[in-house]
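Have a look at the structure below, then the notes.
Just so it is clear, none of the values below were taken in a lab; they were calculated from the coordinates. This one's a predicted model, so the numbers in the text were calculated from it and none came from an experiment. Every residue, glycine as well, gets a Cβ built from its backbone with ideal geometry; the counts of neighbours run over all protein chains shown.
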Amino acid sequence: MFFHAHPDDEALLTAGTMAMLAAEGHRVVLVVATSGERGQADIAPGEALGETRIAELYKSAAALGCARVVNLGYGDSGLAPGGGVAEDRPADAFIDADGEEAARRLAAILTEEGADLLTIYDPAGGYGHPDHVQVNRVGGRAAQLAGTPIVLEATVNRDPLLRGLRLVRRFYPQLDVRAFERAYSPAEEITHRVNVRRFARQKRASMAAHATQATGADTRTLGVMLKIPQPLYRLVFGTEWYVQRGLPSGTRLRHPFEVPPKA
Ligand SMILES: [Zn+2]
């Protein structure tokens, strides 16, 4: 089960792993906390945008071979200009939800599915969106409640990310690389490096499915990503990274279900 904050987060962080596991015959379930109705798009924020983005999520899930999509239906907390929690967030914002209740709802789905694995985010929430921080807390607690054996924090290896973004900046000089300098995880914390180059086509299709996030104003992340030429794309997006807490430092696993060597 892959737990994400908003439609399109799966495309950037875990799409290759999802496509890989589905191709291996696993049942892959995608859960989002919100419909992302406060994301940047040409459609004004609100219910219509949320509905459009959920439709895009289903398209992305189909491209990746997901068996089921669940929306927990919390309000998108939005991101304040310059980062942090937006003051004008909705009353049902995910960041204000009762974490224990949200965790119980997610745990019920984990139990129903008999999930072997749950992905959440790193504690910093990647680039710090409040809903992503909440995914870490709620997801971690849900796995505890359900007894889910493997919990992986989907993250990005910051070092190649910065190298990749500096390359992308050649095609796209407005890209603000500095915004990523403290985001995600340093290389030494990463326990899983999953090679997903064989699933570049599915990952790209997943990104393309999120049309509201990939077209129009070209400052949107997905729009930038989709402009990258295919060979460079495979290089930049050929690996997905995870942190499994409690493993000895220096652990280097290649597959979500690979058993760590005994310490
Ligand atoms: Zn998000």
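The table that follows gives values for the structure above.
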item	result
Helices (runs of 4 or more DSSP H) enclosed by segment 5-84 - at least 1 residues per element that are among the charged types (D, E, K, R) and under 19 Å from residue 152 (Cβ atoms)	9-13
Residue satisfying all of: in segment 1-24; near the ligand (Cβ under 9 Å from one of its atoms) and among the charged types (D, E, K, R); farthest from the chain's Cα centre (by Cα) among these	8
Sole residue being among the β-branched types (Val, Ile, Thr) and either away from the ligand (no atom under 13 Å from the Cβ) or under 15 Å from residue 206 (Cα atoms) (or both), chosen from 34, 52	52
Residue check, residue 41 farther than 30 Å from residue 239 by Cβ, among the hydrophobic types (A, V, I, L, M, F, W, C) and within 16 Å of the ligand (Cβ to nearest atom)	no
Qualifying residue in segment 69-83 (condition: more than 16 Å from the ligand (Cβ to nearest atom) and farther than 30 Å from residue 255 by Cα)	yes
Long-range neighbours under 7 Å by Cβ, at least six apart or interchain, first residue closer than 11 Å to residue 207 by Cβ within segment 4-16, second within 9 Å of the ligand (Cβ to nearest atom) and not aromatic (Phe, Trp, Tyr)	8/36; 10/4
Residue ranges of helices (runs of 4 or more DSSP H) in segment 87-183 with at least 2 members within 19 Å of residue 2 (Cα to Cα) and touching a helix residue (DSSP H, G or I) at 6+ places or on another chain (Cβ under 9 Å)	99-113, 130-146
Pairs, first closer than 17 Å to residue 31 by Cα in segment 114-133, second away from the ligand (no atom under 11 Å from the Cβ) and assigned to a loop (DSSP other than H, G, I, E, B), C-beta under 6 Å, six or more apart	115/1; 115/148; 117/256; 118/1; 118/148; 119/14
Filtered residues of segment 164-196 (kept if surrounded by 13 or more Cβ atoms within 10 Å (Cβ to Cβ), more than 16 Å from the chain's Cα centre (by Cα) and among the charged types (D, E, K, R))	169, 189
Segment 55-98, residues that are under 24 Å from residue 147 (Cα atoms), small (Gly, Ala, Ser) and surrounded by fewer than 16 Cβ atoms within 10 Å (Cβ to Cβ)	67, 73
Selection from segment 131-163 of residues that are surrounded by fewer than 22 Cβ atoms within 10 Å (Cβ to Cβ), within 16 Å of the ligand (Cβ to nearest atom) and not aliphatic (A, V, I, L, M)	136, 137
Any chance residue 93 is within 20 Å of the chain's Cα centre (by Cα) and in contact (Cβ under 8 Å) with a residue 12 or more places away in the chain	yes
